[in-house]
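Reviewing the structure listed below.
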Amino acid sequence: PSPPEKAMVCFGGMFVELPKAKTREMLRQDQEELDEEINKLRKELRVKVNRLYEAQGKPELKGFNLNPMSAEEMKLINRILEG
């Protein structure tokens, strides 16, 4: 038997059956929005922590402004480490 062309999706407390392509696109868009919001909050947190340290008269944290490596960068690092 072929796999079903629809997927069950939970919205709040209700399940809805939607086409798989539509469901996949909705999930992709939601994930992009969440990633953008997470990155925005990370940037704001860095600024706030630096202001807090400045107000306390402490030196700025070292390495706090580092950015995480992308998935592609991680793949390249793993290839190098594997030999």
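The values are calculated or read from the model by the stated rules, or taken from the named source; none is laboratory data. Just so it is clear, the structure is predicted and the values come from calculations on it, not from any experiment. Here the Cβ positions follow ideal geometry from the backbone for every residue, glycine too, while neighbour counts run over all protein chains shown. These accessible areas exclude ligands, DNA and RNA; they are computed on the full protein's heavy atoms, side chains included. Shrake-Rupley method; radii C 1.70, N 1.55, O 1.52, S 1.80 Å.
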- Query: If you go through region 47-66 one residue at a time, do you hit one that is open to solvent by 90 Å² or more (accessible area, probe 1.4 Å), of a type outside the set (D, E) and in a strand (DSSP E or B)?
  - Reply: no
- Got a number for residues in region 5-45 being farther than 30 Å from N67 by Cα, touching a strand residue (DSSP E or B) at 6+ places or on another chain (Cβ under 9 Å) and open to solvent by less than 100 Å² (accessible area, probe 1.4 Å)? 8
- Looking only at region 46-70, which residues are at pLDDT 90 or above and within 21 Å of the chain's Cα centre (by Cα)? K48
- Message: Condition first: part of a loop (DSSP other than H, G, I, E, B) and in contact with a helix residue (DSSP H, G or I) (Cβ under 7 Å, 6 or more places away or on another chain). Now tell me which residues in region 1-21 satisfy that.
- Response: E5
- Query: Is it true that some residue in region 68-80 is surrounded by 10 or more Cβ atoms within 10 Å (Cβ to Cβ), outside any helix (DSSP H, G or I) and without any contact (Cβ under 8 Å) to a residue 24 or more places away in the chain?
  - Reply: yes
